[in-house]
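Remarks on the structure that follows.
The values are calculated or read from the model by the stated rules, or taken from the named source; none is laboratory data. For clarity, every value in this text was computed on a predicted model and none was experimentally measured. Positions of Cβ are backbone-derived with ideal geometry, glycine not excepted, and every protein chain shown enters the neighbour counts.
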Amino acid sequence: MGRGLIADPAWVNKVATGHECDLRKCISCNVGCAGNRIGVNRPIRCTVNPSVLEGDVYKKKHVNKNCNVVVIGGGTAGLEAACTAAEVGCNTFLLEKGNELGGLASLISKIPAKNRLADFPHYLMHRAEQLDNLYIFKNTEGTPENIRKFHPNIIVISTGSAPLLPPIAGLKDRIDNEDYNIYSILGMISHINDFPKDLEGKKVAVVGGGAVGLDVVEFFADRNADISIVEMMDQIGRDLDPVSKNDTKTMMKKHNVHQLTKTALLEVKDSSFLVRGEGEPYELPFEYGFVCLGMRAQGQLYQSLTEEFSSEDVEIMNIGDSQRARRIIDGTQEGRNILTILEQKGYL
């Protein structure tokens, strides 16, 4: 229960009074607790609770004049910003270009080992439903025309990120192409139910030894595949928290995962990766190949809206992965930071 009480200090009261549906559940990411406190000896933080120390005291505040907030993007960062703004009395409008909320967190949670990740966007969506002054528009682009309809005082851009595809020979032509078994993390998730349950003897090659690549490794390790993971740095999972790093090492040892560190991807072929370690280039064959080289920000909207509203008294925030692709904890904190903007602009 230790981590659960960090995520929601009111856990006991909510359960005792029959408000389990309001629980802000721990998603077992270990980033702010074990990662900060044990990993780097910093104060405890929490991915799902940006107010570990002070609690939700901000809810006692209220805007002193009308304030319209338009949030572009319904991922976890955007939902946190929208909920926080609405909870202090802003008229809040969230525009999501897709037909579902939750962003990348909801997508990643479709990987079986990551299913608990879905608890956070579900909590945010439930929180949003309780707010009469928060209006959500799905299948709606964050165009200047759509935004102006709501006469914004503050615009929050949280348009997320997409898989990073460097200019590597053969990569863009083959990845997530139905003619090849080569996938990004999003391509893998879209085919999550299509992969055979037993892949014994089948080769799986994963390029990228960060958290995303390791999610792929874990998925196929449970299916008895012969797995190789390629990483340019000298260590797999370098940026993981101590708990996750230890679990990852145990998992890879148990399933005899081939760890190819200090190895770079040179070319993507039909059924092999051309890689180079400390010697000559060689081919790494596979039945299923995955390229997980990180995510890139989709922040183009920030520049265009900054120019569009340059002559008007409109504050524009760029938060979460649309500023720079990072972890959920960063976007959650930046979503809550709308309170700082409200104070600076004289609304609180």
Quiz item: If you scan region 251-304, which residues turn out to be touching a residue at least 24 places away in the same chain (Cβ under 8 Å), of a type in the set (Asp, Glu) and closer than 13 Å to Val230 by Cβ?
Solution: Glu267
Quiz item: Is it true that Ile27 is modelled with pLDDT of 95 or more and aliphatic (A, V, I, L, M)?
Solution: yes
Self-check item: Top-ranked residue of region 74-91 - restricted to ones that are within 23 Å of Arg326 (Cα to Cα) and of a type in the set (S, T, N, Q), ranked as surrounded by the most Cβ atoms within 10 Å (Cβ to Cβ)
Solution: Thr76
Quiz item: Given the conditions (1) at pLDDT 95 or above; (2) farther than 20 Å from Asp179 by Cβ, which single one is not true for Asn246?
Solution: (1)
Quiz item: Restricting attention to region 322-348, which residues are modelled with pLDDT under 95 and β-branched (Val, Ile, Thr)?
Solution: none
Quiz item: Which of the residues spanning region 290-304 are assigned to a helix (DSSP H, G or I) and either in contact with a Lys or Arg (Cβ under 8 Å, 6 or more places away or on another chain) or over 30 Å from His191 (Cα atoms) (or both)?
Solution: Tyr302, Gln303, Ser304
Exercise. Scan region 141-164 residue by residue and report those that are surrounded by fewer than 19 Cβ atoms within 10 Å (Cβ to Cβ), part of a loop (DSSP other than H, G, I, E, B) and either touching a residue at least 24 places away in the same chain (Cβ under 8 Å) or aromatic (Phe, Trp, Tyr) (or both).
Key: Glu141, Phe150, His151, Leu164
Quiz item: When region 163-211 is examined, which residues are found to be of a type in the set (Lys, Arg) and farther than 16 Å from Arg296 by Cβ?
Solution: Arg174, Lys197, Lys202, Lys203
Exercise. Mind telling me which of the residues Ala169, Ala211, Ala225 ends up being of a type in the set (A, V, I, L, M, F, W, C) and at pLDDT below 95?
Key: Ala211
Quiz item: If you take the residues of region 305-329 that are in a helix (DSSP H, G or I) and either without any contact (Cβ under 8 Å) to a residue 60 or more places away in the chain or of a type in the set (Lys, Arg) (or both), which of them is nearest to Tyr58 (Cα to Cα)?
Solution: Thr306
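Yes or no, residue by residue, for (1) within 20 Å of the chain's Cα centre (by Cα); (2) closer than 28 Å to Val243 by Cα:
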position: Gly39; (1), (2): no, yes
position: Arg42; (1), (2): no, yes
position: Val48; (1), (2): yes, yes
position: Ser51; (1), (2): yes, yes
position: Val57; (1), (2): no, no
position: Lys60; (1), (2): no, no
position: Asn68; (1), (2): no, no
position: Ala77; (1), (2): yes, yes
position: Ala81; (1), (2): yes, no
Practice problem: Check region 124-140 and report whether any residue there is among the basic types (Lys, Arg), more than 20 Å from Gln333 (Cα to Cα), surrounded by fewer than 21 Cβ atoms within 10 Å (Cβ to Cβ) and touching a residue at least 24 places away in the same chain (Cβ under 8 Å). | Solution: yes
Quiz item: Leu23 fails exactly one of the following numbered conditions: (1) surrounded by 14 or more Cβ atoms within 10 Å (Cβ to Cβ); (2) under 13 Å from Ile329 (Cβ atoms). What is the number of that condition?
Solution: (2)
Quiz item: Within region 247-277, how many residues turn out to be within 18 Å of Gly294 (Cβ to Cβ) and polar (S, T, N, Q)?
Solution: 3
Quiz item: Tell me, which helices (runs of 4 or more DSSP H) lie completely within region 1-110 with 2 or more residues that are without any contact (Cβ under 8 Å) to a residue 24 or more places away in the chain and in contact with a helix residue (DSSP H, G or I) (Cβ under 7 Å, 6 or more places away or on another chain)?
Solution: 2-7, 11-16
Exercise. Answer with yes or no whether Ser244 is surrounded by 14 or more Cβ atoms within 10 Å (Cβ to Cβ) and farther than 19 Å from Val204 by Cα.
Key: yes
